[in-house]
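Each reported figure results from applying straightforward, stated rules to the coordinates on display, with no laboratory input. These numbers were taken from a predicted model, which means no experiment stands behind them. When we count neighbours, we look across all protein chains shown, and the Cβ atoms used for this are built from the backbone with ideal geometry, even at glycine.
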Amino acid sequence: MDCIFCKIIKGEIPSTKVYEDEHVYAFKDINPMAPVHILVIPKEHICCANKVDETNSIYVAKIFEAIPKIAADAGLEGGYRIISNCGPDADQTVLHLHFHILGGKKLSARLV
Ligand code: AMP
Ligand code: ZN
């Protein structure tokens with residue numbers, strides 16, 4: 001399967017890893033939109049939030065268990081924003097479920 005995030009998990013494409021466990025991989029976004037911009041992804045290929053179901057939701061649970069640790073390691077005591085784009089109207093560009101963690105500054109109050 002030609003998925004760049006699956007290749008990152010396998011080490012076939014380089015990444016700046018910030019966290020990894022059995023279910024979760026997290027790395028720095030290559031095009032940061034904030035002083036801290038981390039992507040958190042499941043180690044199983046799930047294309048987007050629309051494809052989360054009872055067979056794979058453990059990955060989402062594990063991602064949200066990891067996020068507080070990732071945020072603490074990144075120094076995000078002041079807070080952060082989590083975003084997951086799903087589908088063309090959200091401009092999802094990589095079709096492997098991912099959660100953007102954005103922070104390191106006061107973020108704008110509005111998203112759209
Ligand atoms: P989205 O638009 O929500 O699908 O977000 C995809 C994100 O992946 C973008 O913020 C990209 O900058 C990021 N990205 C794409 N390729 C890489 C890569 N090789 N390493 C790190 N981040 C990447
Ligand atoms: Zn994938």
Give the number of residues within segment 71-112 that are closer than 22 Å to Cys3 by Cα, touching a residue at least 40 places away in the same chain (Cβ under 8 Å) and not in a strand (DSSP E or B).
6
Among the residues of segment 81-92, the number that are of a type outside the set (D, E, K, R) and within 13 Å of the chain's Cα centre (by Cα) is 6
What strands (runs of 3 or more DSSP E) lie completely within segment 1-64 and have 1 or more residues being free of Cβ contacts under 8 Å to residues at least 12 places away in the same chain and either more than 12 Å from ligand 2 (Cβ to nearest atom) or exposed (fewer than 13 other Cβ atoms within 10 Å of the Cβ) (or both)?
17-20
Given the conditions (1) surrounded by 10 or more Cβ atoms within 10 Å (Cβ to Cβ); (2) more than 13 Å from Ala26 (Cα to Cα), every one holds for Leu111 apart from (1)
What number of residues within segment 65-76 are surrounded by 19 or more Cβ atoms within 10 Å (Cβ to Cβ) and more than 13 Å from the chain's Cα centre (by Cα)?
2
